[in-house]
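Taken together, the values in this text are just the output of simple stated rules run on the coordinates, not laboratory data. Model, not experiment: these values are computed from the prediction. Here Cβ is always computed from backbone atoms with ideal geometry, including for glycine, and neighbour counts include all displayed protein chains.
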Amino acid sequence: MTDTAAIRRKKQVARLGRADRSPLGLWFWEIDRVLLTLITVLIAIGLVAVAAASPSAAHRYSGAGVTFAPLHYFWRQLFWVSLSVPVMLWVSTFSKVTARRFALAGAAFMTVMLALVPIIGFEKNGATRWLDLGIGQFQPSEFLKPLFVVSLAWLLSLRQQDKSLPVVPLSGALVGVIAILLMKQPDFGQTILFGAMWMALLLLSGVSARLIGGLVGAGFVGVVCAYLFYPTATSRINNFIYGEGDTYQVDKAHATITGGGLFGTGPGGGVAKFQLPEAHTDYIFSVIGEEFGLIACLAVALIFLAVVVRVFLKLLDEEDQFTMLAAAGLTTQIGVQATINMAVNLQLAPSKGMTLPLISYGGSSMIALAIGMGLLLAFTRRNPYLHRSPYVVKWGGQR
């Protein structure tokens, strides 16, 4: 390293000191670096997992004159990650006001896009969930999740200012509209996820226990009605409980996740994954189990748990109702989605077609999750100058 380069490097390091008031310096000291590290680790694990699952997906989708290279999906996922990480970091620089406005505008736009899916969307694997932009596929529900949960958080936080505002029934009506649009696709798994996020936000916003109990009962009745009158729910629940119908996916997922034992077959050593549908998306957790072992699956689950625990611990002293609800809602989204995906792979829940956040392959889901994680990082930022000890504040000292 030349003397000039060394001097430039020292200046860059110096500018990141606590006295630095530049936008980059403030962001560096305000961001939750532990949370950012956990998210980065999940993205890195995702790249390794997609690389392991890519040969299976490439083999499955090759044909009709088209042959995909073994690492075709890995290189595409690397491209999506290279786009998503800058998006996440950019969104994490938003102030809380900017983040709220961004989420409200985005949620309104994505709701309109979701309503257009049954009209101009196209079918894939028996479901109509995507819009074709000409240059790629676009799944509005993936983008709507983080934006909608922040919008719900803002709506419910208004109760703190005026208890008479009918924010609970209004939020329930909005969730109901989203649920109807999702079930028309059909997408029963995402419907359950939106309902779970709403229930979590209601619980955290301090509504009465009687209301929560009533909503839990209504949710149970809703699931029963879905089982009785919604064919998608009927078939999936019957497959799970009675083993009726086509159980090929769950059977192959079980064979794959248990095929590697505790420590796995090693990278590239998996065989059962070649019989697994959607190995790179819905069932990537099973591929991790085969090639890297059940110990690796446990490690992935613990990292997701660490993300949830980290955020909720940081929210213990949060005084702003909106910030607390928004961050908790975004954490609930990623935690519940990860839990559902892992439960399906372990045959503990019916198949729902839900990906593993930050790990499964997908362009829409990766960029949408990057937006969600960027919003989470923005809402969990802390100004170090606002948390000095009483002695430091009194005497005007510095840390």
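Just the Cα atoms of segment 36-75: what Rg and Dmax do they give in Å?
Using the Cα atoms of segment 36-75, the pair Rg, Dmax is 12.8, 43 Å.
Which Cα, out of Ser286, Leu298, Thr265, lies furthest along the positive dipole direction of the chain (beta carbon charges, K/R +1, D/E -1)?
Leu298
Would you list Tyr361, Tyr230, Tyr283 from fewest to most Cβ contacts within 10 Å?
Tyr230, Tyr361, Tyr283
Just in segment 259-349: which GluC sites (Glu not before Pro) are loop by DSSP and have at most 15 other Cβ atoms within 10 Å?
Working: sites: Glu278, Glu290, Glu291, Glu318, Glu319; in loops: Glu278, Glu318, Glu319.
Filter output for segment 259-349: Glu319.
Within a 10 angstrom radius of the beta carbon, how do Lys96, Lys273 rank from fewest other beta carbons to most?
In increasing order of surrounding Cβ atoms, one gets Lys96, Lys273.
Between Leu348 and Leu71, take the C-beta separation as r, use R0 = 35 Å, and let me know the FRET efficiency to the nearest 0.05.
Working: r = 31 Å, r/R0 = 0.90.
Working from the Cβ atoms, E equals 0.65.
Quickly work out the Leu104-to-Ile119 label distance, labels modelled 7 Å from Cα along the C-beta direction, and quote it in nm with one decimal.
About 2.5 nm, to one decimal.
Under a GNM of the chain (C-alpha, springs under 10 Å), which listed residue has the highest mean-square fluctuation: Leu78, Leu211, Leu202?
Most flexible of the set in this elastic network: Leu211.
Once the other residues with Cβ under 15 Å from the Cβ of Met373 are scored (Lys, Arg +1; Asp, Glu -1), what is the net sum?
Numbers: positive: Arg33, Lys145, Arg310, Lys314, Arg381; negative: Asp32, Glu142.
Cβ neighbours under 15 Å give a net charge of +3.
Could you work out the helix-only [θ] at 222 nm for the chain, with each DSSP H run of four or more residues adding -39,500 (n - 2.57) and the total divided by the number of residues, to the nearest 500 deg cm²/dmol? All intermediate terms of the calculation are to be shown ahead of the outcome.
Working: 15 runs with 271 residues, N = 399.
That comes out to -23000 deg cm²/dmol.
For the chain, what does the relative contact order come out to in percent, with C-alpha contacts under 8 Å and a separation of six or more? All intermediate terms of the calculation are to be shown ahead of the outcome.
On the way: 539 pairs, mean separation 105.5, N = 399.
Result for the chain is 26 percent.
Please work out which option in (i) 36, 30, 20; (ii) 30, 25, 20; (iii) 37, 23, 20 gives semi-axes √(5λ) of the Cα gyration tensor in Å calculated from these coordinates, and answer with its label.
Of the listed options (i) 36, 30, 20; (ii) 30, 25, 20; (iii) 37, 23, 20, (i) comes from this structure.
If you build a Gaussian network model of the chain, linking Cα atoms that sit under 10 Å apart, which residue out of Ile340, Ile119, Ile192 swings the most?
Ile119
Mind ranking 79-89, 40-50, 214-224 by how tightly packed they are, going by the mean number of other C-beta atoms within 10 angstrom, highest first?
40-50, 79-89, 214-224
Only residues of segment 103-143 count here: report those whose backbone N is under 16 Å from the spot 7 Å along Cα→Cβ of Leu158, or say none.
103-105, 107-108
Can you compute the charge dipole magnitude of segment 39-177 about its Cα centre, using +1 on each Lys and Arg Cβ and -1 on each Asp and Glu Cβ, nothing else charged? Give it in debye, rounded to the nearest 20.
Value, rounded to 20: 280 debye.
Show the residues, 5+ positions off or on another chain, whose built amide H is closer than 5 Å to the amide H of Thr128.
Amide H neighbours of Thr128, under 5 Å, 5+ apart: none.
I'd like to compare 302-310, 369-377, 329-337: which one has the highest average count of other Cβ atoms within 10 Å, and what's the full order after that?
369-377, 329-337, 302-310
I'd like to know which of Val41, Gln160, Pro146 lies farthest towards the positive end of the charge dipole of the chain, counting +1 on Cβ of Lys and Arg and -1 on Cβ of Asp and Glu.
Of the candidates, Gln160 comes out farthest on the positive side.
If I build a Gaussian network model for the chain, linking alpha-carbon pairs within less than 10 angstrom, which residue out of Ala196, Ala173, Ala328 has the largest mean-square fluctuation?
Maximum among the listed residues: Ala173.
Which links in Lys96/Lys163; Lys163/Lys184; Lys124/Lys252; Lys124/Lys145 stretch past 27 Å when you go from one Cα to the other?
The pairs that break the limit, which is 27 Å between Cα atoms, are Lys163/Lys184.
Nothing charged except the Cβ atoms of Lys and Arg (+1) and of Asp and Glu (-1): what's the magnitude of the dipole of the chain about its Cα centre? Round to the nearest 20 debye.
Value, rounded to 20: 1560 debye.
Return P(r) of segment 234-376 (all Cα-Cα pairs; 10 Å bins starting at 0; whole %; ordered from short to long distances).
12, 36, 31, 16, 5, 0
Could you put Lys352, Lys124 in order, starting from the residue whose Cβ has the fewest other Cβ atoms within 10 Å? Present the calculation step by step, with values, prior to reporting the outcome.
Working: Lys352 21, Lys124 11.
Listing Lys352, Lys124 from fewest to most nearby Cβ atoms yields Lys124, Lys352.
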